[in-house]
Every structure is written in structure tokens, then in C-alpha cells.
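Participant: This structure is in C-alpha cells; I'll ask about it shortly.
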Amino acid sequence: MITLSNISKKYQGRGVSTAALNDVSLRVDQGEFVIIYGKSGCGKSTLLNILGTMDKPTDGTYHFKDTDIGSLKFSELSQFRNRHIGFIFQSFYLINEFTALANVEMPLGYAGIGKGERRRRAEELLKMVGLENKMKNKPSQLSGGEQQRVAIARSLAAAPSLLLADEPTGNLDEKTTDDIMALLKRINQEGTTVIMVTHNVDLAHYADKVVHMADGRIV
Amino acid sequence: MRYSIQKAAVMVRENIKIYLWVIVELTLITGVLVLADATHRSADREIGRLSEIYQDQEIYLIYNFLSEEYFGAGERAACGITLQDFMFLRERYSDRGAFQYYVYDHLSLYEDGVFQEMYLVWGSEEFFERQFGKGRMDFGSLKGYAGPGAGALLSGGDAMLVASPGMEISIGSQPDSLLIGDAEYRFEPADVSGTIPLSQANIIIDSAWCLFLPIEERPEGWGQTNIGTTLSICFEDFREAPELIQEMISLLIERHEGKFSYRHSDVLSDYISRAEAILNEIDLFSFIAKVCLCVAAFGIAGIMMILVRRRRKEYAISYAMGAHKWNICMELLFEVFMVCGTGSVLGCLLGFLLTCLQTQSAFPVQFSAGCVSVPVLLSLLIPLFTGIVILPDVNAVNPMETMKCE
Ligand SMILES: Nc1ncnc2c1ncn2[C@@H]1O[C@H](COP(=O)(O)OP(=O)(O)OP(=O)(O)O)[C@@H](O)[C@H]1O
Ligand SMILES: [Mg+2]
């Protein structure tokens with residue numbers, strides 16, 4: 001489903017240039033659960049952001065199914081993300097002004113889905129992550145684990161084929177981490193491809209494929 | 001689009017504490033603007049209404065000119081200008097219609113008794129025609145008019161005579177004699193059109209019409225030597241009046257080489273100058289309100305800029321969720337739009353209330369739909385202005401870098 005060929009990412013600072021990614025090639029098949037792990041600063045987030053089309057590689061090509069991502073414009077990328085990709089972030093990134101429900105509705109809103117249908121699907125997703133009683137709560141009224149579950153529900157709202165998670169458990173305790181991981185595994189088993197970044201090797205057993213990164217390369 | 005509106009509505013609700021002040025500010029300013037506009041329109045309408053009423057009509061500017069040269073200062077409460085002055089002004093303003101008249105004192109002409117209630121009036125033929133045209137009478141060499149309140153009006157040639165109502169007047173035994181009550185008077189036109197024995201001067205009236213107007217109620221202060229002068233002058237625009245009066249006064253002063261003093265009252269021009277003063281006040285008022293609105297626009301743009309900066313994370317998340325740049329821009333514009341729209345709608349209501357409540361002005365102030373056009377226009381312009389100011393900021397949001405910083 002995903003083919004990254006010889007991807008490099010260089011950040012051009014004042015006088016210094018950092019190579020965050022160096023000649024990375026990666027294949028991910030439909031329905032796989034991939035865990036990328038490595039030390040801090042090795043380029044995991046950079047790779048994930050490129051996969052999520054939020055960032056562009058300096059070199060190399062990225063094919064998603066038959067689409068060459070490099071050839072898409074900003075507005076086309078928005079649409080692409082909306083249709084195909086769900087994001088989960090380490091610090092949840094929920095909109096504070098919105099209730100859990102409204103947060104989950106967001107990708108559906110941008111997909112142009114009407115209010116009733118949006119609400120119905122969002123409620124369903126929140127039920128799935130076990131938050132049927134907290135749908136009207138704002139992020140500040142939820143625990144970290146609950147916030148992450150809202151974020152997961154949100155990432156699944158537009159029924160993406162690829163779910164990208166950047167250290168989704170980084171801010172959570174062990175018990176909650178297990179819950180979240182179980183949830184991700186379940187989502188993966190229902191057919192969604194999951195690529196997850198972590199520096200916690202203990203989570204590797206959830207994955208079908210483990211990618212180890214160091215210094216901007218896959219080792 | 002629909003989602004953007006809904007999202008903007010949530011954002012307004014969630015930021016209501018900030019926006020409340022903006023709304024209050026806009027409401028107050030708009031209210032004042034609406035009031036100013038309503039007052040201005042009403043003043044304009046009032047002046048327009050008066051102009052229409054007086055359009056092409058003579059206005060009787062009743063002036064009590066006091067000429068010291070002719071009447072002696074302080075001696076008598078005399079007022080009026082001399083017939084010469086009157087004729088001079090009439091000549092000067094002949095293009096404004098010949099319908100001035102001049103009232104002589106009756107007692108200087110007639111003995112006690114029969115004619116006590118009569119005044120000798122000098123006027124143009126047109127004037128008499130218009131005033132008494134319908135009641136025109138013709139008795140050979142005697143021409144006459146009868147009109148409401150005028151009793152009868154008779155003339156033997158150049159002069160005319162009006163008897164007061166209730167006074168019995170009929171043609172006497174001769175065609176040029178009149179029976180007034182029981183007494184028969186031979187009416188010699190030459191008596192009147194010749195020398196009029198005014199106490200102050202001998203005045204010759206040539207080919208003029210004279211009229212005795214009955215004065216039923218003697219105005220206060222009118223005495224034996226009172227001479228009332230009425231100049232009726234035709235205006236295109238009644239706002240000319242004050243200027244014209246000033247001009248006439250200057251002419252009279254010049255004519256009497258400075259020995260001419262006067263006092264006058266002119267209700268209409270007082271009214272106009274008051275209305276115009278109010279109008280100026282309103283204009284200043286509404287100018288200040290407009291300046292306030294511009295200041296408010298800058299303030300709102302500033303607030304929005306801060307909000308945009310604070311929300312970069314939200315925008316980055318929105319991009320990750322598949323938002324287009326125009327989604328974000330629309331959301332922001334809708335947001336400002338809702339706030340400004342609410343402010344201006346409330347302001348219109350406030351303006352309406354203020355308009356209904358205010359009773360200070362000299363004329364009725366009415367609220368009309370037109371009064372809200374400026375506020376409504378501005379409520380469209382402020383979001384546009386804000387948009388122009390903040391959209392570069394929105395455009396500059398780089399989703400990736402923003403996410404990393406937060
Ligand atoms: N915008 C940027 N400009 C310059 N250098 C950058 C930028 N973003 C990332 N880097 C550099 O790229 C490298 C990879 O960063 P990245 O965020 O991918 O690391 P990571 O593997 O996700 O680390 P962590 O586990 O701490 O999140 C780092 O050395 C970082 O300093
Ligand atoms: Mg990272």
C-alpha cells in the first residue's frame with residue numbers, strides 16, 4: 001500500500017543543515033501493524049509526518065497505492081489526508097473549545113458530511129472507545145487516557161485506510177498504555193493499517209513489523 | 001461551508017468573554033450612529049418639508065423695522081419703514097414678485113368715528129387680486145373687493161378702501177360715494193392717491209392701490225403711529241431668507257447713511273438656523289461615532305490577530321484532519337462576521353430605542369430603515385478589513401512547525 005523510496009529529509013538552518021532522514025526506503029502492506037522505534041531525535045516523527053503528508057521529503061518518492069504524493073498540491077493533500085489518513089499525536093492535540101463529540105466530528109465536517117450523520121458516526125466511535133458517558137465533556141474535563149481515546153476516535157472518524165500514531169502512549173501510564181494499545185490492535189484487526197512511532201521497545205509485540213531507526217536511517 | 005459556519009459559531013460561543021466586549025463596543029457605537037443618522041434624516045426631512053411648503057410661495061417676513069431718523073429714537077414705539085423705503089425695497093426685489101403691501105396708520109388719515117377700524121394699505125394690484133380676487137366688485141369708477149374678514153373693499157381708481165366686518169357699506173347716491181353706516185361719504189380718489197397727510201412726511205403715491213384693512217384685533221403695542229410693513233418675498237429655497245433679510249437691512253442702513261437701527265423677529269429663519277445648528281452638531285456627532293468605529297475596526301483586527309496566533313495549534317490540527325486553507329479562512333471570517341453582525345444588529349435595536357426615547361430635538365425624529373444602512377455596511381466592512389489584516393497570518397501557519405512547537 002505504501003512505498004517509500006530513498007526518502008531523505010534535510011532541515012536547512014542558518015549555516016547548519018540537519019539530515020533528519022537519510023535514504024529511507026520502506027514498504028507497508030495493507031492491514032499491517034507497523035511499529036517504528038528508535039532513540040529520541042533519530043527521525044521517527046519526521047518519517048511519520050512525511051507518511052502523513054504533513055511534511056515533504058527533500059529527496060525520494062512516496063507512493064500511496066497508485067498516487068505519487070509528491071505531485072499533489074497543498075489543497076489536494078488536505079483532501080488526501082481527509083480521505084485516507086488518521087492522525088494520533090503524543091499530546092492528543094484536541095481542540096480545547098470543542099466537546100469530545102465535536103472533536104471527533106471534525107474530520108467528518110471537513111469531508112462535507114451533514115450534521116446528523118456526523119453526530120451519529122461520532123457517537124458510535126466514542127462508544128467504541130468506551131466514552132459514551134463523556135461525549136459532552138471538553139478535553140480539559142477528561143483524563144489523559146480519555147483524551148487519547150477521543151483522539152483515536154477522531155482519527156478513525158473519516159474511516160481512514162492508514163492510521164498514523166506518534167507516540168500515542170508517551171504521556172500515559174502503563175495500564176492506560178495497554179488499554180490504548182489493545183484498542184489500536186483491535187482497530188488494526190478490523191482492517192486499518194496502523195503505523196505507530198514509539199521509543200518503548202516493550203510495545204513491539206503488538207506489531208506485525210518492527211522498524212528500528214537510528215540517525216535518520218532504518219537499521 | 002456549512003461545517004465552517006457551525007465551527008465558527010462554536011468558536012464565538014467559546015470565546016464569548018472576549019467577544020462580548022467587542023459586541024458591546026460595536027453595539028454602542030452603532031446605536032449612536034443609528035441615532036445620529038435618524039436625527040440627521042429627520043432634520044433633513046423637516047427642512048425639506050418646510051422647503052416644500054414654502055417653495056414658490058411668498059413668505060411673510062414680518063419685520064418691525066425701527067427707523068430712528070424718521071420716528072425719533074425712543075420717543076415713540078414706532079416701527080416700520082417709510083413708504084419710500086418700502087418702495088425702494090419693492091423696486092429692488094421686483095423680480096421676486098410684486099406682492100408687498102404697506103400699511104398706513106389709519107388715525108393719521110381719518111377722524112374719530114367711522115374709519116377708526118380701518119387701515120390704509122398700499123399694495124400692488126396683484127396683491128389685491130390674489131387676496132380678494134374672488135370677491136371683486138365693479139361699480140363703474142369704483143372698483144372693489146370683498147373678502148372673508150375684509151368686510152368690503154372699495155376703490156375709486158388708484159386707492160381702495162376696506163371697511164371692517166359688521167360695518168354696513170353700500171353704494172351711495174353717487175357712483176363714487178359710499179354709505180357707511182348712516183353716513184354718506186363722497187370718496188374722492190384724489191384724497192388718497194394724492195398727498196397722504198402722515199404726521200411725519202408727505203408722501204405721494206402714484207398709481208398705487210390702496211386698501212383699508214380691517215383690524216379686528218389690535219395687536220399689542222400697536223398704537224396710533226404704528227406702521228406695519230409687510231414685505232412678502234418669493235423664495236425658491238426658504239433657507240435664503242436669513243441672507244436676504246441681512247441684505248435688506250444693509251440696503252436700508254446704506255440708504256439712511258448709517259442712521260438706521262432695527263430689530264426684527266423672524267420665526268422661520270430662527271427655526272432654520274436652529275435646525276442647521278442641530279444638523280451640524282449631528283454631523284460632528286456622527287463623525288466622532290464613525291471615527292470610533294474605525295478605531296474599533298483596528299481593535300477587532302488586533303484581537304483577531306491575537307486569536308489567530310493563539311490558535312495556530314488548532315489550525316495545524318485542522319490541517320491534519322483534512323481542512324483546506326480556505327476552510328480556516330472562512331471559519332475566521334464567519335467568526336468575525338457573527339460578532340460584528342451581532343454588534344450591529346444590537347446596535348440597530350439600541351439606535352431604534354434611542355430614537356424613540358429621545359425627545360430633545362425641535363422636530364420629530366423618526367426611525368427609518370435607511371438609518372441602519374451605514375451600520376449594516378460597516379458590519380460588512382469590518383470583517384473584510386479584519387480578513388485582509390489576518391489572512392496573511394493564517395496563511396503563514398506551517399502545520400508541521402506549529403505542531404512541534406506546541
Ligand atoms: N524544523 C526542523 N528544523 C531543523 N531540524 C529539525 C526540525 N525538525 C526536526 N529536526 C531535527 O531532525 C531530527 C529528527 O527529529 P524528529 O522529530 O523526527 O525526532 P524523533 O525521532 O521524533 O525524536 P523524539 O523521539 O524525541 O520525538 C532531530 O535531530 C531534530 O533536531
Ligand atoms: Mg518525535
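Coordinate-derived values only; no laboratory data. Remember, predicted model here, so these are calculated numbers, not experimental data. With ideal geometry, Cβ positions are generated from the backbone for all residues, glycine too; neighbour counts draw on all protein chains shown.
Participant: Tell me the label-point distance for the pair A:Met1, A:Ser140, using the 7 Å Cα-to-Cβ offset, in nm and rounded to one decimal.
Facilitator: 3.8
Participant: Multiply the residue separation of A:Thr67 and A:Asp202 by 0.36 nm, subtract the distance between their alpha-carbon atoms, and state the gained length in nm to one decimal.
Facilitator: Gain on extension, A:Thr67 to A:Asp202, equals 45.2 nm.
Participant: Sorting A:Val197, B:Val394, B:Val291 on the 10 Å Cβ count, fewest up front, what's the list?
Facilitator: Lowest to highest Cβ neighbour count: B:Val291, B:Val394, A:Val197.
Participant: Based on the Kirkwood radius over alpha-carbon pairs, what is the Stokes-Einstein translational diffusion coefficient of chain A at 37 °C with 0.692 mPa s viscosity, in µm²/s?
Facilitator: 185
Participant: Moving on to the next point. Please report how far the C-alpha centroid of the stretch A:148-219 lies from that of the stretch A:63-78, rounded to the nearest whole angstrom.
Facilitator: Answer, in whole Å: 23.
Participant: How do the peptides A:173-186, B:332-345 rank, highest first, by the average count of neighbouring beta carbon atoms within 10 Å per residue? Don't jump to the answer; show the numbers that get you there.
Facilitator: Working: A:173-186: 15.7, B:332-345: 23.1.
Result, highest mean Cβ count within 10 Å first: B:332-345, A:173-186.
Participant: Using Cα pairs under 8 angstrom and six or more residues apart, how large is the relative contact order of the stretch A:2-218, in percent?
Facilitator: Worked out over the stretch A:2-218, it gives 33 percent.
Participant: While we're on this one: For chain A, what is the mean residue ellipticity at 222 nm derived from helices alone (per DSSP H run of n ≥ 4: -39500 (n - 2.57); sum divided by total residues; nearest 500 deg cm²/dmol)? Spell out each step's value before the answer.
Facilitator: Details: 6 runs with 74 residues, N = 219.
Mean residue ellipticity, 222 nm, calculated: -10500 deg cm²/dmol.
Participant: So, how do all the Cα-to-Cα distances of the stretch A:29-144 break down into 10 Å bins, in percent, from 0 on up?
Facilitator: For the stretch A:29-144, the pair-distance distribution reads 11, 34, 34, 19, 2.
Participant: For the Cα atoms of chain A, what angle does the longest principal axis make with the long axis of helix A:174-189, in degrees from 0 to 90, nearest 10?
Facilitator: It is inclined by approximately 80 degrees.
Participant: D for the stretch B:314-394, whole µm²/s, Stokes-Einstein with Kirkwood Rh over alpha-carbon pairs at 37 °C and 0.692 mPa s: what number?
Facilitator: Answer from the Stokes-Einstein relation: 218 µm²/s.
Participant: What is the mean number of Cβ atoms from other protein chains located within 10 Å of the Cβ atom of each residue in peptide B:20-26, rounded to a whole number? Spell out each step's value before the answer.
Facilitator: Values: counts 0, 0, 0, 0, 0, 0, 0.
The per-residue average across the peptide is 0.
Participant: For a quick check, take a GNM of chain A with Cα springs below 10 Å and name the residue from A:Ala100, A:Ala165, A:Ala19 with the largest mean-square fluctuation.
Facilitator: The residue with the greatest mean-square fluctuation here is A:Ala19.
Participant: Another question, then. Based on other C-beta atoms within 10 Å, arrange B:Thr30, A:Thr61 from fewest to most.
Facilitator: A:Thr61, B:Thr30
Participant: How many partner chain Cβ atoms sit within 10 Å of a residue's Cβ in peptide B:319-332, on average, as a whole number?
Facilitator: Taking the mean over all residues of the peptide, I get 6.
Participant: Using Stokes-Einstein with the Kirkwood hydrodynamic radius over Cα pairs, what translational diffusion coefficient do you get for the stretch A:5-62 at 20 °C and a viscosity of 1.002 mPa s, in µm²/s rounded to a whole number?
Facilitator: In µm²/s, the coefficient rounds to 176.
Participant: Can you sort A:Phe87, A:Phe80, B:Phe287 so the residue with the fewest Cβ neighbours within 10 Å comes first?
Facilitator: Fewest-to-most ranking of A:Phe87, A:Phe80, B:Phe287: B:Phe287, A:Phe80, A:Phe87.
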